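Only the coordinates and a few stated rules stand behind these numbers; no lab work does. No experiment lies behind these values; they were computed from the predicted model shown. Cβ coordinates were reconstructed from backbone atoms using ideal geometry, including for glycine residues, and neighbour counts include every protein chain displayed.
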Amino acid sequence: MKAELQEIASQFALEGAITAIDSLGEGFINDTFIVRTAGDAPDYILQRKNKSIFPDVPAMMENIRKVTDHIRRRVAAAGGDPRREAMTVVATRDGKLYHVDAQGEYWAVSVFISDTIAYNKADSPELARKGGEGIGKFQAQLADFTEPLAETIKGFHNIRHRFVQWDEALRRDAAGRVKDLAEEIGWIESRRDEMLSFWSKVEDGTIPTRVTHNDTKINNILFDKQGEVLCAIDLDTVMNSTSLNDFGDAIRSYANTGDEDDRDLSRVGMSLEMFRAYTEGYLSQRAGQLNQAEIDHLAFSARYITFEQVLRFLMDYIDGDTYYKTKYPEHNLVRTRAQYKLLQSMEEQYGTMCEIVRETVAKYK
Ligand code: GN1
Ligand code: MG
């Protein structure tokens with residue numbers, strides 16, 4: 001494998017000789033490596049992109065290039081350091097944004113930003129506030145981005161589309177698991193109408209479509225050693241969607257007192273303190289730009305995305321674990337239950353969440 005990785009990495013226009021290639025990170029979808037180089041040259045991130053999940057890797061890489069070029073220009077104009085505050089995609093020696101290996105696998109490279117930290121868990125409200133600022137800034141940097149973006153995964157956060165997949169998964173019952181999941185399936189069905197009714201506001205334009213990251217869990221944000229946000233990474237799902245998805249998905253990640261796949265459900269719940277901190281950071285950057293419908297649905301978006309995540313983990317379990325990487329046979333079911341506990345905790349505290357959003361908007365608008 002080492003020799004093959006070396007061969008693949010050498011297709012890209014890297015500075016400096018390769019000294020080592022190691023596995024990196026916790027992604028559920030792609031395989032990620034760090035390529036170390038000699039001397040002053042930067043290190044690099046090498047990724048095998050999951051082509052069964054991203055059917056058009058070239059279009060995805062084109063999205064990422066456009067968006068990171070735009071951010072780099074904005075950072076430079078604001079007097080920042082574009083090499084640290086933006087992702088930089090590295091092309092192959094013949095100028096392509098990806099390399100296809102002999103097995104037909106797609107590979108891509110970006111510059112590794114050194115002296116940074118990627119957290120798997122938010123351990124303080126201060127970190128959550130900074131994370132909120134980071135995504136707020138990311139959305140603000142892209143507010144004037146007008147180039148078309150490809151839809152890299154069809155209907156990614158579109159619950160109407162997810163319900164079509166869900167109904168098919170139940171009908172297929174590929175792994176014969178449906179009979180044992182009556183309770184869990186009930187969690188999804190009892191919320192179908194409420195979730196679709198939220199989504200119809202996106203469909204009719206009441207809630208606008210913007211450029212969004214779509215995968216804002218905490219380990220997709222890079223912090224420097226002083227705890228400041230440098231930039232958002234993992235831009236595979238950057239697309240046009242509602243900015244609420246980025247807020248909701250971040251709350252799902254930052255404000256969970258337990259782990260995404262906690263077996264101990266007593267650890268799982270939504271921390272109002274972390275919710276408040278993230279909301280503060282986010283709205284400090286975005287309060288003036290969001291319309292009233294977005295503000296009115298900000299708290300609900302956390303329920304929406306967490307519900308969607310329950311559905312997606314359960315659907316993958318029903319399908320026989322074909323989408324997410326799993327570490328043990330029941331992993332997707334454990335994830336389903338842990339995310340459902342988080343959803344219930346959000347539902348219980350929803351009134352207070354709405355109140356916090358109102359107070360924070362008043363402060364920053
Ligand atoms: C996946 O790629 P990664 O691990 O950052 C997934 C997200 C899920 C997340 C759950 C393309 O994110 O949508 O919310 O796992 N990405 C894709 O942790 O499906
Ligand atoms: Mg990731």
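Annotations for the structure displayed:
- Failed criterion for S301 (all others in (1) in contact with a Phe, Trp or Tyr (Cβ under 7 Å, 6 or more places away or on another chain); (2) within 15 Å of ligand 2 (Cβ to nearest atom); (3) assigned to a helix (DSSP H, G or I) hold): (2)
Each row is one residue, and each column tells you yes or no for (1) away from ligand 2 (no atom under 16 Å from the Cβ); (2) under 14 Å from A128 (Cα atoms).
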{"position": "C231", "(1), (2)": "no, no"}
{"position": "G248", "(1), (2)": "yes, yes"}
{"position": "S253", "(1), (2)": "no, yes"}
{"position": "E260", "(1), (2)": "no, no"}
{"position": "R267", "(1), (2)": "yes, no"}
{"position": "L272", "(1), (2)": "yes, yes"}
{"position": "R276", "(1), (2)": "yes, yes"}
{"position": "I295", "(1), (2)": "yes, no"}
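- In the stretch 244-263, the count of residues that are within 24 Å of A59 (Cα to Cα) and either free of Cβ contacts under 8 Å to residues at least 40 places away in the same chain or among the hydroxyl-bearing types (S, T, Y) (or both) is zero.
- Within the stretch 146-242, strands (runs of 3 or more DSSP E) holding 3 or more residues that are more than 22 Å from R84 (Cβ to Cβ): 239-241
For (1) among the hydrophobic types (A, V, I, L, M, F, W, C); (2) buried (at least 24 other Cβ atoms within 10 Å of the Cβ), each residue gets a yes or a no:
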position: I305; (1), (2): yes, yes
position: Q309; (1), (2): no, no
position: Y317; (1), (2): no, yes
position: T322; (1), (2): no, no
position: V334; (1), (2): yes, no
position: K341; (1), (2): no, no
position: Q344; (1), (2): no, no
position: G351; (1), (2): no, no
position: C354; (1), (2): yes, no
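To keep it simple, each residue is scored yes or no on (1) more than 23 Å from D259 (Cα to Cα); (2) surrounded by fewer than 21 Cβ atoms within 10 Å (Cβ to Cβ); (3) away from ligand 1 (no atom under 16 Å from the Cβ); (4) free of Cβ contacts under 8 Å to residues at least 12 places away in the same chain.
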residue: K179; (1), (2), (3), (4): yes, yes, yes, yes
residue: E189; (1), (2), (3), (4): yes, yes, yes, yes
residue: D193; (1), (2), (3), (4): yes, yes, yes, yes
residue: S197; (1), (2), (3), (4): yes, yes, yes, yes
residue: V202; (1), (2), (3), (4): yes, no, yes, no
residue: T206; (1), (2), (3), (4): yes, yes, yes, no
residue: N220; (1), (2), (3), (4): no, no, no, no
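- Summed over the stretch 11-28, the residues that are away from ligand 1 (no atom under 16 Å from the Cβ), in contact (Cβ under 8 Å) with a residue 60 or more places away in the chain and of a type outside the set (F, W, Y) give a count of 3.
- From the list I45, I8, the one residue that fits, being of a type in the set (A, V, I, L, M, F, W, C), under 18 Å from D115 (Cα atoms), away from ligand 1 (no atom under 13 Å from the Cβ) and touching a Leu at 6+ places or on another chain (Cβ under 8 Å), is I45.
- Checked against (1) without any contact (Cβ under 8 Å) to a residue 40 or more places away in the chain; (2) in contact with a Leu (Cβ under 8 Å, 6 or more places away or on another chain), R267 meets all criteria but (2).
- Of residues in the stretch 29-42 being buried (at least 16 other Cβ atoms within 10 Å of the Cβ) and touching a residue at least 40 places away in the same chain (Cβ under 8 Å), the one nearest to the chain's Cα centre (by Cα): I29
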